1. Do you know which of the residues in region 117-146 that are open to solvent by less than 40 Å² (accessible area, probe 1.4 Å) and not hydrophobic (A, V, I, L, M, F, W, C) is nearest to Pro86 (Cα to Cα)?
2. Quickly run through region 86-97 and pick out the residues that are surrounded by 17 or more Cβ atoms within 10 Å (Cβ to Cβ) and either within 19 Å of Trp26 (Cα to Cα) or of a type in the set (D, E, K, R) (or both).
3. For the list (1) in contact (Cβ under 8 Å) with a residue 60 or more places away in the chain; (2) under 27 Å from Ser121 (Cα atoms), I need the number of the one condition that Ala32 fails.
4. How do the pairs read when you match residues in region 84-106 that are under 30 Å from Arg145 (Cβ atoms) with residues anywhere that are among the basic types (Lys, Arg), using Cβ under 6 Å and keeping only pairs 6 or more apart or on different chains?
5. Considering each of Ala83, Ala102, Ala60 in turn, give the residue that is at pLDDT below 95, open to solvent by less than 30 Å² (accessible area, probe 1.4 Å) and farther than 15 Å from Glu16 by Cα.
6. Consider His43 carefully, then state whether it is on the phi < 0 side of the Ramachandran plot and at pLDDT below 85.
7. Just one of the numbered conditions (1) in a loop (DSSP other than H, G, I, E, B); (2) crowded, with 19+ Cβ neighbours inside 10 Å; (3) charged (D, E, K, R) is not true of Asp198; which one?
8. Is there any pair with a first residue in region 160-179 that is hydrophobic (A, V, I, L, M, F, W, C) and a second that is at pLDDT 95 or above and part of a loop (DSSP other than H, G, I, E, B) whose Cβ atoms are under 6 Å apart and which are 6 or more apart or on different chains, and what are they?
Amino acid sequence: MGDDSHSWTAAPAAAERARSVLAAAWSCAVTAEGTREELVGAHSVGEDGRVLVEVPEDSALLAAAICAPRGEPSAVLEFADVAPVPVRDRIRARLWLAGWFAVEGDRLVFTPTRVVLRQPSGAVVVDLDDFAAAVPDPLTTAEARLLTHLADCHADAVGRLTRLVDSGSLHGAVRVQPLAVDRHGLTLRIERARAYGDVRLAFHAPADDVAQLTERMHILLGQASAASCPRALQRQRTDGDR
């Protein structure tokens, strides 16, 4: 588990974060009427946050939807937000939607009646109206590509960005990886021999597309170049990872 605590500045609101998890998820686990099914590539999301699910005719979910009283909670959908870059504890958040299914044509439509988002900072119940009105972060669908490119092709830039991190957070660091990025900022995962911690670098202004993100990153890198090199990483370059 991580052992760092820090203030998350300029972070997405809970409803926006929940919608981003929902938009990015490729799979979900569905529990209904005592059965549990793992669905891969079978769901999509409406603008109002309802989940549209394609299921085979012999699915237990279809039977549960038909038999359950309309409007009563009858199922729970679980989504996991997984970091695209290999790090310890890759689950960044979990999202649970409780609600009911309705049959519309050849698919099921799930209407949430309770939304719970769990992040490292804790679990929060998301207001249903806020959830329905929220939109995913504009970088959600590009995040995996952006982070893997940063980690694989620009490790030197990641190292430079650590100059913006308090030296105390870098004590004992053996590896630093990009963990997450959204319109508000970049999060770095600082791994140690037996623990890890996360540090967020906020952008000076939100980035609404990849072009703006590139500009925000250049500003962070410029600030990092002007900062002094942390002693912890100086030792790391001399002694190597431990």
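1. For region 117-146, the residue satisfying everything is Glu143.
2. Taking region 86-97 first, the residues surrounded by 17 or more Cβ atoms within 10 Å (Cβ to Cβ) are 87, 92-93, 95-97.
Residues satisfying the conditions are Arg92, Ala93, Leu95, Trp96, Leu97.
3. It is condition (2) that Ala32 fails.
4. Val87/Arg189; Arg94/Arg118
5. Working: Ala83 fails: at pLDDT below 95; Ala60 fails: open to solvent by less than 30 Å² (accessible area, probe 1.4 Å).
None of the others qualify; the one that does is Ala102.
6. Working: on the phi < 0 side of the Ramachandran plot: yes; at pLDDT below 85: no.
In short, no.
7. So Asp198 meets the others, but not (1).
8. Once the first residue is hydrophobic (A, V, I, L, M, F, W, C) and sits in region 160-179, its partners that are at pLDDT 95 or above and part of a loop (DSSP other than H, G, I, E, B) give Leu179/Ala83.
The values are calculated or read from the model by the stated rules, or taken from the named source; none is laboratory data. The structure presented is a predicted model; accordingly, all values stated were derived computationally and were not measured. Neighbour counts run over all protein chains shown; Cβ positions are idealised from the backbone, glycine included. Only protein heavy atoms, including side chains, enter the accessible area calculation; ligands, DNA and RNA are left aside. Shrake-Rupley method; radii C 1.70, N 1.55, O 1.52, S 1.80 Å.
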